[in-house]
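Student: Before we start, here is the structure in question, set down as C-alpha coordinates.
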2 protein chains.
Amino acid sequence: MTYCVGLMLRGGLVFMSDTRTNSGVDNISTFRKMFNWEVPGERSITLMTAGNLATTQAVVSLLDERVKEPGNRAPCILETDSMFQTARMVGGLLKEVIATHAETGQRADATFNATMILGGQIGDGDPRLFLIYPEGNFVEASFDTPFFQIGETKYGRPILVRAYDAEMSFADAVKLLTVSFDSTIKANLSVSLPLDVHVYHNGSLRNGPIFRINTDDPYFQEISSGWGVALREAFHCLPEFTFPPEG
Amino acid sequence: MTYCVGLMLRGGLVFMSDTRTNSGVDNISTFRKMFNWEVPGERSITLMTAGNLATTQAVVSLLDERVKEPGNRAPCILETDSMFQTARMVGGLLKEVIATHAETGQRADATFNATMILGGQIGDGDPRLFLIYPEGNFVEASFDTPFFQIGETKYGRPILVRAYDAEMSFADAVKLLTVSFDSTIKANLSVSLPLDVHVYHNGSLRNGPIFRINTDDPYFQEISSGWGVALREAFHCLPEFTFPPEG
(Lines give C-alpha, C1' and ligand atoms only; values in the text may rest on other atoms or scores of the structure.)
Protein backbone atom coordinates (compact mmCIF):
# COMPACT_ATOMS: atom_id res chain seq x y z
CA MET A 1 0.00 0.00 0.00
CA THR A 2 0.93 3.65 -0.06
CA TYR A 3 -0.17 6.96 1.31
CA CYS A 4 0.32 10.24 -0.57
CA VAL A 5 -1.33 13.62 -0.07
CA GLY A 6 -1.24 16.74 -2.26
CA LEU A 7 -2.49 19.86 -0.48
CA MET A 8 -3.47 23.18 -2.04
CA LEU A 9 -2.86 26.32 0.03
CA ARG A 10 -3.28 29.96 -0.90
CA GLY A 11 0.52 30.21 -0.79
CA GLY A 12 1.42 27.05 -2.66
CA LEU A 13 1.27 23.28 -2.95
CA VAL A 14 2.50 20.80 -0.35
CA PHE A 15 3.20 17.17 -1.24
CA MET A 16 3.97 14.26 1.08
CA SER A 17 4.41 10.58 0.24
CA ASP A 18 5.52 7.48 2.12
CA THR A 19 8.06 5.05 0.67
CA ARG A 20 6.87 1.59 1.62
CA THR A 21 5.93 -0.91 -1.05
CA ASN A 22 4.79 -4.41 -0.35
CA SER A 23 3.89 -7.49 -2.22
CA GLY A 24 2.36 -9.43 0.63
CA VAL A 25 3.39 -8.72 4.20
CA ASP A 26 6.61 -10.68 3.84
CA ASN A 27 7.99 -8.71 0.91
CA ILE A 28 8.47 -5.13 1.97
CA SER A 29 10.75 -2.60 0.32
CA THR A 30 11.44 1.11 0.23
CA PHE A 31 10.84 2.95 -3.04
CA ARG A 32 10.53 6.62 -3.78
CA LYS A 33 6.98 7.57 -4.84
CA MET A 34 7.53 11.29 -5.35
CA PHE A 35 9.16 12.66 -8.48
CA ASN A 36 10.10 16.27 -9.20
CA TRP A 37 10.97 18.11 -12.37
CA GLU A 38 11.87 21.78 -12.80
CA VAL A 39 13.08 24.38 -15.25
CA PRO A 40 13.96 27.20 -12.85
CA GLY A 41 12.03 30.36 -13.63
CA GLU A 42 9.73 28.45 -15.96
CA ARG A 43 8.12 25.39 -14.29
CA SER A 44 8.02 23.07 -11.28
CA ILE A 45 6.17 19.75 -11.53
CA THR A 46 5.63 17.09 -8.85
CA LEU A 47 4.19 13.61 -9.38
CA MET A 48 3.22 11.12 -6.66
CA THR A 49 2.21 7.54 -7.39
CA ALA A 50 0.16 4.79 -5.77
CA GLY A 51 -0.62 1.33 -7.04
CA ASN A 52 1.31 -1.25 -9.01
CA LEU A 53 5.00 -0.38 -8.73
CA ALA A 54 5.91 -1.76 -12.16
CA THR A 55 3.26 0.48 -13.70
CA THR A 56 4.22 3.65 -11.85
CA GLN A 57 7.94 3.13 -12.43
CA ALA A 58 7.31 2.55 -16.14
CA VAL A 59 5.39 5.84 -16.38
CA VAL A 60 8.12 7.76 -14.56
CA SER A 61 10.85 6.13 -16.68
CA LEU A 62 9.00 7.03 -19.87
CA LEU A 63 8.70 10.63 -18.67
CA ASP A 64 12.41 10.72 -17.86
CA GLU A 65 13.45 9.12 -21.15
CA ARG A 66 11.56 11.72 -23.12
CA VAL A 67 13.39 14.44 -21.19
CA LYS A 68 16.71 12.94 -22.35
CA GLU A 69 15.56 12.82 -25.99
CA PRO A 70 14.59 16.35 -26.91
CA GLY A 71 13.43 16.68 -30.47
CA ASN A 72 11.30 13.59 -30.12
CA ARG A 73 7.83 14.12 -31.57
CA ALA A 74 6.09 13.49 -28.23
CA PRO A 75 6.25 16.49 -25.91
CA CYS A 76 8.40 16.00 -22.82
CA ILE A 77 7.41 17.00 -19.31
CA LEU A 78 9.84 19.94 -19.47
CA GLU A 79 8.19 21.25 -22.66
CA THR A 80 4.42 21.00 -22.09
CA ASP A 81 2.51 24.25 -22.52
CA SER A 82 0.42 24.02 -19.35
CA MET A 83 -0.30 21.90 -16.31
CA PHE A 84 -3.48 20.72 -18.04
CA GLN A 85 -1.42 19.45 -21.00
CA THR A 86 0.98 17.82 -18.55
CA ALA A 87 -1.88 16.01 -16.81
CA ARG A 88 -3.19 14.83 -20.20
CA MET A 89 0.23 13.52 -21.14
CA VAL A 90 0.81 11.70 -17.82
CA GLY A 91 -2.75 10.32 -17.89
CA GLY A 92 -2.23 9.08 -21.43
CA LEU A 93 1.04 7.37 -20.53
CA LEU A 94 -0.51 5.77 -17.45
CA LYS A 95 -3.42 4.37 -19.42
CA GLU A 96 -1.02 3.10 -22.11
CA VAL A 97 1.27 1.31 -19.65
CA ILE A 98 -1.67 -0.37 -17.89
CA ALA A 99 -3.16 -1.44 -21.23
CA THR A 100 0.15 -2.96 -22.37
CA HIS A 101 0.40 -5.25 -19.34
CA ALA A 102 -3.32 -5.95 -19.08
CA GLU A 103 -3.31 -7.47 -22.58
CA THR A 104 -1.30 -10.43 -21.42
CA GLY A 105 -3.87 -11.94 -19.12
CA GLN A 106 -7.53 -12.08 -18.34
CA ARG A 107 -8.73 -9.62 -15.70
CA ALA A 108 -5.19 -8.46 -15.15
CA ASP A 109 -6.12 -4.82 -15.65
CA ALA A 110 -7.07 -4.25 -12.00
CA THR A 111 -3.78 -5.71 -10.85
CA PHE A 112 -1.75 -3.24 -12.88
CA ASN A 113 -3.77 -0.24 -11.76
CA ALA A 114 -2.22 2.92 -10.43
CA THR A 115 -3.40 6.37 -9.40
CA MET A 116 -1.35 9.56 -9.39
CA ILE A 117 -1.32 13.05 -7.94
CA LEU A 118 0.21 15.68 -10.22
CA GLY A 119 0.79 19.27 -9.20
CA GLY A 120 2.83 22.31 -10.07
CA GLN A 121 2.94 25.50 -12.06
CA ILE A 122 4.08 26.38 -15.58
CA GLY A 123 4.83 29.89 -16.89
CA ASP A 124 2.08 32.38 -16.23
CA GLY A 125 -0.53 29.65 -15.57
CA ASP A 126 -2.03 29.13 -12.12
CA PRO A 127 -0.62 26.48 -9.79
CA ARG A 128 -2.75 23.36 -10.30
CA LEU A 129 -3.26 20.04 -8.59
CA PHE A 130 -4.69 16.95 -10.35
CA LEU A 131 -5.75 13.44 -9.37
CA ILE A 132 -5.12 11.08 -12.31
CA TYR A 133 -7.08 7.83 -12.60
CA PRO A 134 -5.87 4.56 -14.15
CA GLU A 135 -8.21 5.23 -17.06
CA GLY A 136 -6.06 8.26 -17.90
CA ASN A 137 -8.69 10.88 -17.05
CA PHE A 138 -8.29 13.26 -14.13
CA VAL A 139 -9.98 15.74 -11.79
CA GLU A 140 -8.59 19.02 -10.51
CA ALA A 141 -8.50 20.34 -6.94
CA SER A 142 -10.11 23.64 -6.02
CA PHE A 143 -10.58 25.35 -2.68
CA ASP A 144 -13.87 23.43 -2.35
CA THR A 145 -11.86 20.19 -2.40
CA PRO A 146 -8.39 21.43 -1.59
CA PHE A 147 -6.52 18.16 -1.24
CA PHE A 148 -6.17 14.76 -2.86
CA GLN A 149 -5.15 11.53 -1.13
CA ILE A 150 -4.16 8.27 -2.82
CA GLY A 151 -3.47 4.82 -1.40
CA GLU A 152 -4.52 4.12 2.18
CA THR A 153 -6.56 7.30 2.56
CA LYS A 154 -9.08 6.68 5.34
CA TYR A 155 -7.19 6.70 8.63
CA GLY A 156 -5.54 10.05 7.90
CA ARG A 157 -8.59 11.80 6.48
CA PRO A 158 -10.50 12.97 9.60
CA ILE A 159 -7.68 15.26 10.79
CA LEU A 160 -7.21 16.72 7.28
CA VAL A 161 -10.93 17.49 7.06
CA ARG A 162 -10.96 19.01 10.54
CA ALA A 163 -7.72 21.03 10.66
CA TYR A 164 -7.05 22.10 7.04
CA ASP A 165 -7.16 25.82 6.41
CA ALA A 166 -6.34 27.35 3.03
CA GLU A 167 -4.50 30.22 4.74
CA MET A 168 -2.27 28.04 6.89
CA SER A 169 1.51 28.42 6.73
CA PHE A 170 3.76 25.90 4.98
CA ALA A 171 5.13 24.84 8.39
CA ASP A 172 1.58 24.19 9.64
CA ALA A 173 0.78 22.26 6.48
CA VAL A 174 3.79 19.98 7.00
CA LYS A 175 2.72 19.55 10.62
CA LEU A 176 -0.82 18.65 9.51
CA LEU A 177 0.44 16.11 6.99
CA THR A 178 2.80 14.65 9.60
CA VAL A 179 -0.17 14.05 11.92
CA SER A 180 -2.21 12.54 9.08
CA PHE A 181 0.67 10.23 8.09
CA ASP A 182 1.30 9.27 11.71
CA SER A 183 -2.35 8.19 12.15
CA THR A 184 -2.08 6.10 8.99
CA ILE A 185 1.27 4.55 9.86
CA LYS A 186 0.00 3.62 13.35
CA ALA A 187 -2.96 1.78 11.78
CA ASN A 188 -1.54 0.20 8.65
CA LEU A 189 1.72 -1.71 8.43
CA SER A 190 1.89 -1.16 4.68
CA VAL A 191 2.48 2.59 5.05
CA SER A 192 5.78 3.65 6.57
CA LEU A 193 8.59 6.13 6.93
CA PRO A 194 10.73 7.62 5.45
CA LEU A 195 8.40 10.31 4.09
CA ASP A 196 9.25 12.52 1.13
CA VAL A 197 8.14 16.15 1.20
CA HIS A 198 8.05 18.93 -1.38
CA VAL A 199 6.76 22.42 -0.64
CA TYR A 200 6.12 24.49 -3.76
CA HIS A 201 5.78 28.27 -3.30
CA ASN A 202 3.22 29.72 -5.72
CA GLY A 203 4.75 31.91 -8.39
CA SER A 204 8.33 30.79 -7.68
CA LEU A 205 8.42 28.54 -10.77
CA ARG A 206 11.16 26.47 -9.20
CA ASN A 207 11.11 23.55 -6.77
CA GLY A 208 10.79 24.58 -3.14
CA PRO A 209 12.29 22.64 -0.24
CA ILE A 210 12.44 18.90 -1.04
CA PHE A 211 13.45 16.75 1.91
CA ARG A 212 12.98 13.39 3.57
CA ILE A 213 11.63 12.67 7.06
CA ASN A 214 13.50 9.58 8.25
CA THR A 215 12.48 6.93 10.77
CA ASP A 216 14.63 8.51 13.48
CA ASP A 217 13.50 12.07 12.74
CA PRO A 218 13.08 13.80 16.14
CA TYR A 219 10.23 16.02 14.88
CA PHE A 220 8.24 13.03 13.67
CA GLN A 221 8.80 11.24 16.99
CA GLU A 222 7.68 14.35 18.87
CA ILE A 223 4.50 14.69 16.78
CA SER A 224 3.76 10.99 17.01
CA SER A 225 3.92 10.84 20.82
CA GLY A 226 2.61 14.39 21.30
CA TRP A 227 -0.45 13.72 19.15
CA GLY A 228 -1.49 10.77 21.29
CA VAL A 229 -1.30 12.94 24.41
CA ALA A 230 -3.04 15.89 22.71
CA LEU A 231 -5.86 13.65 21.44
CA ARG A 232 -6.48 12.20 24.87
CA GLU A 233 -6.53 15.69 26.40
CA ALA A 234 -8.91 16.94 23.71
CA PHE A 235 -11.09 13.91 24.38
CA HIS A 236 -11.20 14.60 28.11
CA CYS A 237 -12.21 18.24 27.51
CA LEU A 238 -15.35 17.15 25.65
CA PRO A 239 -18.57 17.24 27.68
CA GLU A 240 -19.42 14.14 29.73
CA PHE A 241 -22.08 11.75 28.57
CA THR A 242 -24.96 11.20 30.98
CA PHE A 243 -27.09 8.08 30.63
CA PRO A 244 -30.77 8.63 29.87
CA PRO A 245 -33.03 7.85 32.83
CA GLU A 246 -34.23 4.25 32.81
CA GLY A 247 -37.75 4.00 31.50
CA MET B 1 -22.17 0.24 4.58
CA THR B 2 -22.30 0.04 8.34
CA TYR B 3 -20.25 0.86 11.38
CA CYS B 4 -20.43 -1.15 14.60
CA VAL B 5 -18.02 -1.31 17.53
CA GLY B 6 -17.92 -3.67 20.49
CA LEU B 7 -15.66 -2.50 23.31
CA MET B 8 -14.38 -4.51 26.26
CA LEU B 9 -13.81 -2.66 29.54
CA ARG B 10 -12.85 -3.97 32.96
CA GLY B 11 -16.38 -3.11 34.07
CA GLY B 12 -18.36 -4.42 31.13
CA LEU B 13 -19.06 -4.43 27.41
CA VAL B 14 -20.18 -1.42 25.37
CA PHE B 15 -21.84 -1.82 21.97
CA MET B 16 -22.68 0.85 19.41
CA SER B 17 -24.07 0.44 15.90
CA ASP B 18 -25.36 2.77 13.21
CA THR B 19 -28.62 2.12 11.37
CA ARG B 20 -28.01 3.10 7.76
CA THR B 21 -28.24 0.53 4.99
CA ASN B 22 -27.74 1.29 1.37
CA SER B 23 -27.94 -0.46 -1.93
CA GLY B 24 -26.26 2.14 -4.06
CA VAL B 25 -26.29 5.80 -3.00
CA ASP B 26 -29.87 6.27 -4.18
CA ASN B 27 -31.41 3.55 -2.07
CA ILE B 28 -30.88 4.38 1.58
CA SER B 29 -32.87 3.02 4.52
CA THR B 30 -32.76 2.74 8.27
CA PHE B 31 -32.54 -0.73 9.81
CA ARG B 32 -31.63 -1.84 13.27
CA LYS B 33 -28.29 -3.69 13.35
CA MET B 34 -28.13 -4.39 17.07
CA PHE B 35 -30.10 -7.23 18.67
CA ASN B 36 -30.37 -8.06 22.36
CA TRP B 37 -31.52 -11.13 24.24
CA GLU B 38 -31.65 -11.67 27.97
CA VAL B 39 -32.78 -14.04 30.70
CA PRO B 40 -32.49 -11.76 33.72
CA GLY B 41 -30.13 -13.19 36.31
CA GLU B 42 -28.89 -15.79 33.85
CA ARG B 43 -27.66 -14.25 30.58
CA SER B 44 -27.39 -11.12 28.43
CA ILE B 45 -26.40 -11.44 24.76
CA THR B 46 -25.86 -8.71 22.16
CA LEU B 47 -25.36 -9.22 18.41
CA MET B 48 -24.37 -6.55 15.87
CA THR B 49 -24.33 -7.18 12.15
CA ALA B 50 -22.61 -5.78 9.06
CA GLY B 51 -22.89 -6.88 5.46
CA ASN B 52 -25.73 -8.16 3.32
CA LEU B 53 -28.99 -7.18 5.02
CA ALA B 54 -30.91 -10.21 3.75
CA THR B 55 -28.25 -12.47 5.26
CA THR B 56 -28.07 -10.75 8.63
CA GLN B 57 -31.86 -10.49 8.96
CA ALA B 58 -32.21 -14.18 8.11
CA VAL B 59 -29.73 -15.10 10.84
CA VAL B 60 -31.52 -12.94 13.42
CA SER B 61 -34.93 -14.28 12.38
CA LEU B 62 -33.69 -17.85 12.71
CA LEU B 63 -32.37 -17.07 16.18
CA ASP B 64 -35.70 -15.51 17.14
CA GLU B 65 -37.76 -18.38 15.71
CA ARG B 66 -35.85 -20.90 17.73
CA VAL B 67 -36.57 -18.88 20.87
CA LYS B 68 -40.29 -19.19 20.12
CA GLU B 69 -40.05 -22.95 19.61
CA PRO B 70 -38.57 -24.36 22.79
CA GLY B 71 -38.16 -28.10 22.71
CA ASN B 72 -36.72 -27.93 19.21
CA ARG B 73 -33.63 -30.09 18.89
CA ALA B 74 -31.39 -27.18 17.97
CA PRO B 75 -30.38 -25.15 21.03
CA CYS B 76 -31.82 -21.63 21.17
CA ILE B 77 -29.88 -18.51 22.07
CA LEU B 78 -31.60 -18.43 25.47
CA GLU B 79 -30.46 -21.99 26.24
CA THR B 80 -26.81 -22.22 25.15
CA ASP B 81 -24.38 -23.31 27.86
CA SER B 82 -21.74 -20.65 27.30
CA MET B 83 -20.84 -17.63 25.17
CA PHE B 84 -18.47 -19.89 23.24
CA GLN B 85 -21.35 -22.24 22.37
CA THR B 86 -23.45 -19.20 21.43
CA ALA B 87 -20.72 -17.96 19.07
CA ARG B 88 -20.50 -21.41 17.50
CA MET B 89 -24.23 -21.50 16.97
CA VAL B 90 -24.42 -17.99 15.46
CA GLY B 91 -21.35 -18.66 13.29
CA GLY B 92 -22.91 -21.91 12.07
CA LEU B 93 -26.19 -20.18 11.18
CA LEU B 94 -24.37 -17.36 9.40
CA LYS B 95 -22.34 -19.79 7.30
CA GLU B 96 -25.49 -21.79 6.50
CA VAL B 97 -27.50 -18.75 5.37
CA ILE B 98 -24.68 -17.50 3.15
CA ALA B 99 -24.22 -20.96 1.63
CA THR B 100 -27.96 -21.26 0.86
CA HIS B 101 -28.01 -18.06 -1.16
CA ALA B 102 -24.59 -18.50 -2.68
CA GLU B 103 -25.68 -21.77 -4.31
CA THR B 104 -27.96 -19.93 -6.68
CA GLY B 105 -25.31 -18.10 -8.66
CA GLN B 106 -21.68 -18.09 -9.58
CA ARG B 107 -19.43 -15.99 -7.36
CA ALA B 108 -22.44 -14.81 -5.42
CA ASP B 109 -20.92 -15.84 -2.11
CA ALA B 110 -19.07 -12.56 -1.63
CA THR B 111 -22.27 -10.62 -2.24
CA PHE B 112 -24.11 -12.38 0.54
CA ASN B 113 -21.29 -11.99 3.04
CA ALA B 114 -21.79 -10.64 6.51
CA THR B 115 -19.70 -10.19 9.64
CA MET B 116 -20.96 -10.02 13.21
CA ILE B 117 -19.91 -8.92 16.67
CA LEU B 118 -21.31 -11.05 19.49
CA GLY B 119 -20.86 -10.26 23.16
CA GLY B 120 -22.35 -10.94 26.55
CA GLN B 121 -22.20 -13.14 29.58
CA ILE B 122 -23.88 -16.41 30.57
CA GLY B 123 -24.15 -17.81 34.10
CA ASP B 124 -20.83 -18.00 35.91
CA GLY B 125 -18.79 -17.66 32.70
CA ASP B 126 -16.70 -14.57 31.99
CA PRO B 127 -18.12 -11.77 29.83
CA ARG B 128 -16.86 -12.42 26.29
CA LEU B 129 -16.70 -10.58 22.99
CA PHE B 130 -16.40 -12.31 19.60
CA LEU B 131 -15.94 -11.28 15.98
CA ILE B 132 -17.71 -13.80 13.71
CA TYR B 133 -16.59 -14.20 10.09
CA PRO B 134 -18.79 -15.16 7.12
CA GLU B 135 -17.07 -18.56 7.14
CA GLY B 136 -18.66 -19.18 10.53
CA ASN B 137 -15.42 -19.13 12.53
CA PHE B 138 -14.62 -16.41 15.04
CA VAL B 139 -11.97 -14.71 17.17
CA GLU B 140 -12.29 -13.45 20.72
CA ALA B 141 -11.30 -10.07 22.15
CA SER B 142 -8.85 -9.82 25.05
CA PHE B 143 -7.29 -6.82 26.74
CA ASP B 144 -4.51 -7.02 24.13
CA THR B 145 -7.12 -6.35 21.43
CA PRO B 146 -9.96 -4.95 23.46
CA PHE B 147 -12.37 -3.94 20.72
CA PHE B 148 -13.80 -5.13 17.42
CA GLN B 149 -15.07 -2.97 14.58
CA ILE B 150 -17.09 -4.12 11.58
CA GLY B 151 -18.18 -2.28 8.43
CA GLU B 152 -16.50 1.05 7.67
CA THR B 153 -13.80 0.71 10.30
CA LYS B 154 -10.91 2.93 9.24
CA TYR B 155 -11.98 6.54 9.83
CA GLY B 156 -13.00 5.89 13.41
CA ARG B 157 -10.05 3.71 14.36
CA PRO B 158 -7.27 6.24 15.19
CA ILE B 159 -9.20 7.79 18.11
CA LEU B 160 -10.11 4.34 19.49
CA VAL B 161 -6.47 3.29 19.39
CA ARG B 162 -5.35 6.52 21.02
CA ALA B 163 -7.97 7.14 23.72
CA TYR B 164 -9.19 3.67 24.75
CA ASP B 165 -8.42 2.70 28.32
CA ALA B 166 -9.63 -0.56 29.87
CA GLU B 167 -10.36 1.25 33.16
CA MET B 168 -12.50 4.01 31.60
CA SER B 169 -16.04 4.60 32.84
CA PHE B 170 -19.11 3.58 30.84
CA ALA B 171 -19.89 7.27 30.25
CA ASP B 172 -16.36 7.82 28.85
CA ALA B 173 -16.72 4.74 26.67
CA VAL B 174 -19.95 6.07 25.16
CA LYS B 175 -18.21 9.43 24.62
CA LEU B 176 -15.29 7.68 22.91
CA LEU B 177 -17.60 5.71 20.64
CA THR B 178 -19.56 8.87 19.85
CA VAL B 179 -16.35 10.56 18.67
CA SER B 180 -15.36 7.51 16.63
CA PHE B 181 -18.81 7.35 15.00
CA ASP B 182 -18.81 11.09 14.35
CA SER B 183 -15.47 10.84 12.49
CA THR B 184 -16.87 8.01 10.39
CA ILE B 185 -20.21 9.70 9.68
CA LYS B 186 -18.39 12.89 8.63
CA ALA B 187 -16.34 10.92 6.10
CA ASN B 188 -18.73 8.30 4.76
CA LEU B 189 -22.29 8.93 3.63
CA SER B 190 -23.18 5.27 4.05
CA VAL B 191 -22.85 5.44 7.85
CA SER B 192 -25.42 7.51 9.69
CA LEU B 193 -27.50 8.23 12.78
CA PRO B 194 -29.54 7.10 14.65
CA LEU B 195 -27.07 5.06 16.70
CA ASP B 196 -28.05 2.15 18.93
CA VAL B 197 -26.19 1.67 22.20
CA HIS B 198 -26.09 -1.10 24.78
CA VAL B 199 -23.96 -0.96 27.92
CA TYR B 200 -23.60 -4.31 29.67
CA HIS B 201 -22.36 -4.28 33.28
CA ASN B 202 -20.16 -7.29 34.02
CA GLY B 203 -21.73 -9.76 36.38
CA SER B 204 -25.21 -8.23 36.15
CA LEU B 205 -26.46 -11.04 33.86
CA ARG B 206 -29.19 -8.74 32.54
CA ASN B 207 -29.21 -6.12 29.76
CA GLY B 208 -27.88 -2.74 30.84
CA PRO B 209 -29.08 0.56 29.40
CA ILE B 210 -30.20 0.16 25.78
CA PHE B 211 -30.95 3.43 24.03
CA ARG B 212 -30.88 5.23 20.71
CA ILE B 213 -28.97 8.42 19.84
CA ASN B 214 -31.13 10.23 17.30
CA THR B 215 -30.17 12.71 14.59
CA ASP B 216 -31.25 15.67 16.70
CA ASP B 217 -29.59 14.40 19.89
CA PRO B 218 -28.06 17.46 21.61
CA TYR B 219 -25.16 15.46 23.08
CA PHE B 220 -24.17 14.10 19.66
CA GLN B 221 -24.35 17.62 18.19
CA GLU B 222 -22.20 18.94 21.03
CA ILE B 223 -19.58 16.21 20.56
CA SER B 224 -19.59 16.62 16.78
CA SER B 225 -18.94 20.37 16.82
CA GLY B 226 -16.83 20.25 20.00
CA TRP B 227 -14.53 17.58 18.61
CA GLY B 228 -13.68 19.72 15.56
CA VAL B 229 -12.70 22.60 17.84
CA ALA B 230 -10.82 20.31 20.25
CA LEU B 231 -8.89 18.68 17.39
CA ARG B 232 -7.83 22.02 15.96
CA GLU B 233 -6.71 23.18 19.41
CA ALA B 234 -4.79 19.96 20.00
CA PHE B 235 -3.20 20.42 16.59
CA HIS B 236 -2.10 23.97 17.37
CA CYS B 237 -0.53 22.86 20.66
CA LEU B 238 1.82 20.46 18.83
CA PRO B 239 5.37 21.75 18.28
CA GLU B 240 5.98 23.83 15.15
CA PHE B 241 7.76 22.34 12.17
CA THR B 242 10.93 24.12 11.08
CA PHE B 243 12.22 23.60 7.57
CA PRO B 244 15.66 22.02 7.25
CA PRO B 245 18.32 24.51 6.10
CA GLU B 246 18.70 24.53 2.32
CA GLY B 247 21.72 22.55 1.25
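The values are calculated or read from the model by the stated rules, or taken from the named source; none is laboratory data. Source: prediction; values computed, not measured. Positions of Cβ are backbone-derived with ideal geometry, glycine not excepted, and every protein chain shown enters the neighbour counts. The accessibility values were calculated without ligands, DNA or RNA, using every heavy atom of the protein model including side chains. Shrake-Rupley method; radii C 1.70, N 1.55, O 1.52, S 1.80 Å.
Student: Suppose every K and R has +1 on its Cβ and every D and E has -1 on its Cβ; what is the size of the dipole of the protein assembly as shown about the Cα centre, in Debye to the nearest 20?
Tutor: 480
Student: Testing the spin-label approximation: label points 7 Å from Cα along Cα→Cβ at B:Asp126 and B:Glu96. State their distance in nm.
Tutor: 2.9
Student: Pairs A:Lys33/B:Lys33; A:Lys95/B:Lys33; A:Lys68/A:Lys154; A:Lys175/B:Lys33; A:Lys186/B:Lys33; A:Lys33/B:Lys154: which are spaced more than 32 Å apart, C-alpha to C-alpha?
Tutor: In this structure, A:Lys33/B:Lys33; A:Lys95/B:Lys33; A:Lys68/A:Lys154; A:Lys175/B:Lys33 lie more than 32 Å apart at Cα.
Student: Using only the heavy atoms of the protein chains and a 1.4 Å probe, how would B:Ser192, A:Ser142 rank by accessible area, largest first?
Tutor: A:Ser142, B:Ser192
Student: Moving to a separate point now. Accessible area per residue, 1.4 Å probe, Å², for the protein assembly as shown: what's the number?
Tutor: Accessible surface, normalised per residue, equals 44 Å².
Student: Of all the accessible heavy-atom surface of the range B:3-237, with the other protein chains kept in place and a 1.4 Å probe, what percent is carbon and sulfur?
Tutor: So the carbon and sulfur contribution to the accessible surface is 49 percent.
Student: Using θ = phi - 60° and the Karplus relation 6.51 cos²θ - 1.76 cosθ + 1.60, list the HN-Hα couplings for the range A:89-98 in order, rounded to whole Hz, with x at every Gly or Pro.
Tutor: Once θ is set to phi - 60°, the couplings for the range A:89-98 become 5, 5, x, x, 4, 4, 4, 4, 4, 4 Hz.
Student: Just to be sure I understand: if you take the accessible area of chain B alone plus chain A alone and subtract the pair, with a 1.4 Å probe, what total do you get in Å², rounded to 100?
Tutor: 4200
Student: Here is a further query. In the range A:1-80, which trypsin sites (Lys or Arg not before Pro) are in a loop and have at most 12 other Cβ atoms within 10 Å, using DSSP for the loop call?
Tutor: A:Arg10, A:Arg73
Student: Okay, moving on. As a test of reading the structure, rank A:Asp217, A:Asp182 by solvent-accessible area (1.4 Å probe, protein chains only), most first.
Tutor: Putting A:Asp217, A:Asp182 in descending order of accessible area: A:Asp217, A:Asp182.
Student: Against the 2.2 N^0.38 Å scaling, with N counting residues, where does the range A:107-224 land? I'd like the Cα-based Rg ratio to two decimal places.
Tutor: Here the answer is 1.15, to two decimals.
Student: Once the whole set of protein chains is in place, how much accessible area is left on B:Phe243, using a 1.4 Å probe, in Å² to the nearest 10?
Tutor: 70
Student: For chain A, how big is the tail of P(r) above 32 Å, as a whole percent of Cα pairs?
Tutor: In whole percent, the long-distance tail amounts to 24.
Student: Still on this model: If you take the beta carbon distance between A:Ser225 and B:Phe243 as r and set R0 to 30 Å, what does 1/(1 + (r/R0)^6) give as a FRET efficiency, to the nearest 0.05?
Tutor: 0.85
Student: Can you compute 3J(HN,Hα) from phi for each residue in the range A:37-47, using the Karplus curve 6.51 cos²θ - 1.76 cosθ + 1.60 with θ = phi - 60°, rounded to whole Hz and x for Gly and Pro?
Tutor: 10, 8, 10, x, x, 10, 6, 9, 10, 10, 10
Student: Let me ask another. What ³J(HN,Hα) values, in whole Hz, does the Karplus curve 6.51 cos²θ - 1.76 cosθ + 1.60 give for the range B:221-237 when θ = phi - 60°, with x put for Gly and Pro?
Tutor: 3J(HN,Hα) across the range B:221-237, in whole Hz: 4, 5, 5, 4, 7, x, 5, x, 5, 4, 5, 5, 5, 4, 4, 6, 6.
Student: Rank these residues by their accessible area, most exposed first, probe 1.4 Å: B:Tyr219, B:Tyr133, B:Tyr200.
Tutor: Descending accessible area places them as B:Tyr133, B:Tyr219, B:Tyr200.
Student: In Å, what Rg and Dmax follow from the Cα atoms of the protein assembly as shown?
Tutor: 25.6, 87
Student: Just to verify a number: what accessible area does A:Met168 come out at with the full protein assembly present, 1.4 Å probe, Å² rounded to tens?
Tutor: 20
Student: If you project the alpha carbons of the range A:1-119 onto their three principal axes, what span does each projection cover, largest first, in Å?
Tutor: So the extents along the principal axes, rounded to whole Å, are 44, 34, 21.
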